[in-house]
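Peer 1: First the structure, then my questions, so here it is.
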Amino acid sequence: MQRHPAAYPRNTKRFAAHSLDKADPAELKAKASSLGLGFDAMNSNTFQDQDGQPLSYKFGSLSHTDAGTRRQAVEHNLECIEIGKAIGSRALTIWIGDGSNFPGQANFTRQFERYLDAAKAIYAELPDDWRLFTEHKMYEPAFYSTVVQDWGTNYMIAQELGEKAYCLVDLGHHAPNANIEMIVARLIQFGKLGGFHFNDSKYGDDDLDTGSIDPYRLFLVFNELVDAETRKASGFDPAHMLDQSHNVTDPIESLMVSAMEVQRAYAQALLVDRSALDGFQDTNDALMATTTLKTAFRTDVEPILAMARLENGGAVDPVAAYRSAGYRQKVAEIRPEVSGAGGGIV
């Protein structure tokens, strides 16, 4: 979950933090600093009920019909901000599962008004140097309607809240054939792209490892990012985070591989002949324009990535090095397995 390298020192990795426990933030920050780590966006969680929570989010959180439930959700987000300030975070990400499962269950307009009022209460407490990321998702857990269902609604939210509000794009939160790279381009054009939750999907919000299903789509997203970077698009400073579930792989290994896939897509996008591409686009040469992209995508950049890892003190083959170190086996001896009847999804 590393942030855009232009925003932080290259030797400091920054991770998104989910606020679910009450660990001492000072101790957490000190330990992270000793390892060269830092924290980026805080991720609030009002899409699940927690132990001891007074009011349920079964029928919504920030858009709930009950004012007390909305206030509880707002206060949770404000607590996330306070924790984030203590660990050095500078952003808050809000994703809600609010919606409806039946026609007529909710009044679309009033529901969205309640959400906006609650979001404004959170935004009002945002530190001056922080950003607020709101995240859209087409469906799930609500299957008839979702309050923040697409990038258009998300953009309206960012516009309503203010200049510190941005849209976060999760690659798995769209219809299977949605043109995500064009959504990215639109948000860049109007200065409201906050960042990404990178993952991959086959059917819906599968949260599979980044690049495991459609690496070309990932490349096309980075093609838009490199284009914005090259022309120095105004306000362009996206956060790069991984948001995945690992139920059949070692999560650490999956995160390593996913981070390398993000780097691969970025390196390939840097190889696009932008001058040639511009020319083909201006002359409506569709075949050569798409061939220009394919040429960059098909280029093997693995030697470049391996050398970059080596020159930065990393392993040429991170997964092999991790397995050789025996870290998982050592940790398994001191950390109990998660028990229960679940499918193991984390």
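Each value in this text was obtained by applying a stated rule to the coordinates, not by laboratory testing. A quick note: this is a predicted structure, and the numbers were derived from the prediction, not measured. Glycine also receives a Cβ, built like all others from the backbone with ideal geometry; neighbour counts cover every protein chain displayed.
Peer 1: To the nearest 20 debye, what charge dipole does the chain have about its Cα centre, counting +1 at the Cβ of each Lys and Arg and -1 at the Cβ of each Asp and Glu?
Peer 2: Approximately 440 debye in magnitude.
Peer 1: Report the residue, chosen from 232, 164, 120, that carries the largest GNM mean-square fluctuation when the chain is represented by alpha-carbon nodes joined by springs under 10 Å.
Peer 2: Taking springs between Cα atoms under 10 Å, the residue moving most is 232.
Peer 1: While we're on this one: Of 261, 125, how do they rank once you tally other Cβ atoms within 10 Å and put the fewest first?
Peer 2: 125, 261
Peer 1: Shifting gears a bit: Among the listed pairs 164/232; 137/164; 22/85; 164/202, which have their C-alpha atoms separated by more than 25 angstrom in this model?
Peer 2: 164/202, as the Cα separations exceed 25 Å there.
Peer 1: Out of all Cα-Cα pairs in the chain, roughly what percent, to the nearest whole number, are more than 28 Å apart?
Peer 2: I get 46 percent for the Cα pairs in the chain exceeding 28 Å.
Peer 1: Expressed in nm², what is the orientationally averaged projection area of the convex hull enclosing the Cα positions of the range 119-232? Present the calculation step by step, with values, prior to reporting the outcome.
Peer 2: Details: hull surface 30.7 nm².
Value for the range 119-232: 7.7 nm².
Peer 1: For the chain, set up a GNM with springs between Cα atoms under 10 Å and report which of 203, 155, 266 has the largest fluctuation.
Peer 2: Its mean-square fluctuation being the largest, the pick is 203.
Peer 1: Express the C-alpha Rg of the range 208-346 as a ratio against the empirical globular expectation 2.2 N^0.38 Å, rounded to two decimals.
Peer 2: Here the Cα radius of gyration is 1.33 times the empirical estimate.
Peer 1: Now for a different question. In which sequence would 334, 304, 96 go, from the one with the fewest C-beta neighbours within 10 Å to the one with the most?
Peer 2: Least to most surrounded, the residues fall as 334, 304, 96.
Peer 1: OK, next. Considering the chain as a Gaussian network with a 10 Å cut-off on Cα pairs, which listed residue, 235, 326, 36, attains the greatest mean-square fluctuation?
Peer 2: The residue with the greatest mean-square fluctuation here is 326.
Peer 1: Starting with the fewest neighbours, write out 112, 196 ranked by other beta-carbon atoms found within 10 Å of each beta-carbon.
Peer 2: Final ranking by Cβ density, sparse to dense: 112, 196.
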